[in-house]
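Here's the structure, in structure tokens; my notes come after.
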Ligand code: PEP
């Protein structure tokens, strides 16, 4: 009942050539139509991607956005601008933004609201550090991050949000959460959401992120509460990413 979503976060990687290669590869391949596939390249590649992905299953995401629409904010990009490039999804609260750029829950919420205001679906990233997991605080941390946002939204806004559970210790480390560990947290997020609205909780799409690759994707995606993946490193390799998309289909 929930359409799987595979999103490839290129971070500060890639090139126009790689965008074109993805466009060509996915145009030629028999892509699983039952899966939504989003490529999230750096801002400068959005224009090329908009053209290269036309007629393919690939849609376009962005890695962040500024909370306001325009103004004297050198170096920033707004949701309205993203909308001009047919961006359908935007990451908010990625752990690299939380850690490297000190983004607070309040700032993340402001970005998420900005995305909703221009009808771009936010992918809210949440996850615990290794210390937090070892201290048995995983659910507390994750539900605080989820709750900060969800408790402030109206019901119709909650429906637009996708949540990516990304244990920080698994991002870019080659260390993946086991399917059972990921499922446990996903089920906890869905149960929390059911506290607001049971039907909405059933529709909520939950992605796993953290060293997902062509070998481990199928097992993770087979879990009942995992509806897709947020893929970093493996999303830069066409064959691996395609295999992950097929695993979700
Ligand atoms: C990410 O950056 O969201 C991510 C999951 O990265 P990786 O797949 O490389 O761990």
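The values are calculated or read from the model by the stated rules, or taken from the named source; none is laboratory data. Computed from a predicted structure; not experimentally measured. Every residue, glycine among them, receives a Cβ derived from its backbone with ideal geometry; neighbour counts consider all protein chains shown.
What to note about this one:
- Among the residues of segment 204-236, those identified as under 18 Å from residue 37 (Cα atoms) and away from the ligand (no atom under 11 Å from the Cβ) are 204, 205, 206, 214, 218, 220, 221, 222, 226, 227, 228.
- Qualifying position, being surrounded by fewer than 18 Cβ atoms within 10 Å (Cβ to Cβ), in contact with a strand residue (DSSP E or B) (Cβ under 6 Å, 6 or more places away or on another chain) and not in a helix (DSSP H, G or I), among 3, 74: 3
- Residue 189 vs. criteria under 17 Å from the mean Cα position of the chain (by Cα), at pLDDT 95 or above and closer than 19 Å to residue 108 by Cα: yes
- Failed criterion for residue 54 (all others in (1) in contact with a strand residue (DSSP E or B) (Cβ under 9 Å, 6 or more places away or on another chain); (2) away from the ligand (no atom under 16 Å from the Cβ) hold): (1)
- Only one of the listed residues (177, 201, 217) is touching a helix residue (DSSP H, G or I) at 6+ places or on another chain (Cβ under 6 Å) and either within 22 Å of residue 109 (Cβ to Cβ) or free of Cβ contacts under 8 Å to residues at least 24 places away in the same chain (or both). That residue is 201.
- Restricting segment 26-52 to residues that are at pLDDT 95 or above and farther than 16 Å from residue 120 by Cβ leaves a set whose member that is surrounded by the most Cβ atoms within 10 Å (Cβ to Cβ) is 37.
- Considering only residues in segment 79-134 that are surrounded by 19 or more Cβ atoms within 10 Å (Cβ to Cβ), assigned to a loop (DSSP other than H, G, I, E, B) and touching a residue at least 24 places away in the same chain (Cβ under 8 Å), the one that is nearest to the ligand (Cβ to nearest atom) turns out to be 94.
- Residue under evaluation residue 164, criteria (1) modelled with pLDDT of 95 or more; (2) assigned to a loop (DSSP other than H, G, I, E, B); (3) within 21 Å of residue 234 (Cβ to Cβ), criterion not met: (2)
- Of the listed requirements (1) surrounded by 14 or more Cβ atoms within 10 Å (Cβ to Cβ); (2) more than 19 Å from the chain's Cα centre (by Cα), residue 171 misses just one: (2).
- Filter result for residue 199 (crowded, with 17+ Cβ neighbours inside 10 Å, away from the ligand (no atom under 16 Å from the Cβ) and part of a helix (DSSP H, G or I)): no
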